[in-house]
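Following: one structure in structure tokens, then a few remarks.
Each reported figure results from applying straightforward, stated rules to the coordinates on display, with no laboratory input. Quantities reported herein were computed from a predicted structural model and do not represent experimental measurements. Cβ: placed from backbone, ideal geometry, glycine included. Neighbour counts: every protein chain shown.
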Ligand code: NOJ
């Protein structure tokens, strides 16, 4: 296989996602901030990553962790100032790290000036920046459920029979992208940030931009009498024109990194990530949401098998590499910790954490590591629902109770699936608040396991999860002889038992073999050719006659040895 893939800086990156509120507090108020991130830049450079994606730091009332923006041109004081942001971009740049921000343009905060003006004066031009509709005799236009529960329509205060649409919380009114003025405002804002030297954006909820609004009461799919909204607002025909427009007028001009939060159906993937696609890459949800139904109800978790996981990963890999470039992740700020999701409790240890690292870091595409994943952070057990901050967690808890669960049962589901599992403070040391903050009160509880799981300790331990991640990142670096094959090598699945996930990465005369035994029993793999081990999470028996013996939860990478004639 020849290298046919065009080389691009965003393909050669390893991204590190930061949840700023929980990364590092520099001023002792119990909340992470931009200066805290600046302080930790040497850690990130040492890890070997070269792109940082920051979850929103714009001005926000924080109803949804900053995904409710009240001013696109300001940094929220809780995170610092615009000067801090400029300094972060500059100092990171000096270390070879580019910064991505979150781009949230499906909705604003209800505290955004546009929405305030739209409410204050129905005749103002801002009215058409949002989606207002008359109700039916005082009831909402339809029975859509917002993603965060409850009706997606909120009555407009002091106007009778008038509602506005919010696909997420009622403090996140949806923007009306049909209005060219809205599109122009967004384009202008995106260019403003890119001109500051930003590397690009992670683009939020982008498939929701276009809505097909229908009046009526549709068959409910929940105890609340409401219906999942996705059918009317996800990937509606016509959205492509807007996405193209944004790309042409902003991202392309700056050769920006764009990764969209977009679960795109296979038949449309080439429009999204192909050579002339709207984005450089999109996130796939199929295997990170394997444990939840399509409607996203955490307390109705789906059962899954390793075979299904493997099939989902491989299908996604093959489709993605046929159409363009992929974004690979196991964790983010909306997901629980991967070790809790994918492994039974008794096997949640360093070995299986490293196995997951091998599995995902060696896939075809740009890897995204979420803060704390590289040290193996895990879910947190909260004592009460009041310990949770996340708006979606409170909604899911309410709905779990409504479905007949006891508070204890509902809390157990939150332990498994709450978004706060990944939002707890970064565990730097075994000191107060895990070294995250010196405040007496911090915004979200620290996971008590920081005494055992923390950066400081793992830095000193050659065999730690952290050092294992560093080795995997290094394989993609300029100093590695495996760089080309790790980044650009074609992925070819290898036949194996149901609980072994094996694939090759091939380019020119280079070939890697990646083997993951996703079970608690020893297994085997047969393959032609002669291989040498590059990295493994366990001591592996010698390969005899093309037979690999794989202890439980093995994750290993081999390189093919060329036969000399
Ligand atoms: C997706 C983001 O990742 C999530 O955190 C947020 O709640 C919604 N979009 C709404 O912006």
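Mean separation of Cα pairs under 8 Å and 6 or more residues apart, divided by the residue count, gives the chain a relative contact order of 13 percent. Given the -39500 (n - 2.57) contribution per DSSP H run of 4+ residues, what per-residue ellipticity at 222 nm results for the chain, rounded to the nearest 500 deg cm²/dmol? Helix-only estimate at 222 nm: -7500 deg cm²/dmol. Taking a ≥ b ≥ c as the square roots of the eigenvalues of the Cα gyration tensor, an a/c ratio of 1.5 or more together with a/b no larger than b/c marks the stretch 463-561 as oblate. Taking the DSSP beta bridges with both ends in the stretch 126-233, the antiparallel portion is around 75 percent.
Building the convex hull from the alpha-carbon atoms of the chain and averaging its projection over directions returns 25.9 nm². Contact order, relative form, for the stretch 408-565: 13 percent (alpha carbon pairs under 8 Å, 6 or more residues apart, mean separation divided by residue count). If I take every Cα pair under 8 Å that is 6 or more residues apart in the stretch 490-560, average their sequence separation and divide by the length, what percent do I get for the relative contact order? With pairs under 8 Å counted, the relative contact order is 33 percent. Of all DSSP-defined beta bridges confined to the chain, some 55% are antiparallel rather than parallel.
Considering only Cα atoms, the convex hull volume of the stretch 303-358 works out to 105 Å³ per residue. Spatially, the stretch 213-262 and the stretch 512-565 are offset by 43 Å when compared through their Cα centroids. Spatially, the stretch 332-383 and the stretch 413-441 are offset by 16 Å when compared through their Cα centroids. Taking R0 as 25 Å, what FRET efficiency do you get between residue 539 and residue 347 from their Cβ-Cβ distance, rounded to the nearest 0.05? In this case the efficiency is close to 0.90. The peptide list 285-297, 53-65, put in order of mean Cβ contacts within 10 Å with the highest first, becomes 53-65, 285-297. Between residue 253 and residue 461, the FRET efficiency estimated from the beta carbon spacing at R0 = 35 angstrom works out to 0.15. Here each label is just a point 7 Å from Cα along the line to Cβ, and for residue 266 and residue 215 those points are 4.1 nm apart. Helix 180-195 versus the longest principal axis of the chain: what angle, 0 to 90°, nearest 10, using Cα atoms? Computed tilt is about 40 degrees.
Percent of Cα pairs in the stretch 29-122 per distance bin of 10 Å, from zero to the largest separation: 16, 42, 28, 10, 3, 0. For the chain, the longest principal axis of the alpha carbon atoms and the long axis of helix 407-417 meet at an angle near 60°.
Per-residue extension of 0.36 nm, minus the Cα-Cα distance of residue 224 and residue 123, leaves a gain of 32.9 nm for this segment.
With both labels modelled 7 Å from their Cα along Cα-to-Cβ, the residue 549 to residue 286 distance reads 3.5 nm.
Once the mean of 1/r is taken over each pair of separate Cα atoms and inverted, the stretch 327-443 shows a Kirkwood hydrodynamic radius of 15.5 Å. Taking 0.36 nm per residue of separation and subtracting the current Cα-Cα distance, fully stretching the chain between residue 87 and residue 562 would add 166.2 nm. Inter-label distance, residue 440 to residue 498: 5.7 nm, where each label sits 7 Å from its Cα along the C-beta direction.
Report, in degrees rounded to the nearest 10, the 0 to 90 angle that the Cα long axis of helix 391-402 makes with the longest principal axis of the chain. Taking Cα atoms only, the helix is inclined about 80 degrees.
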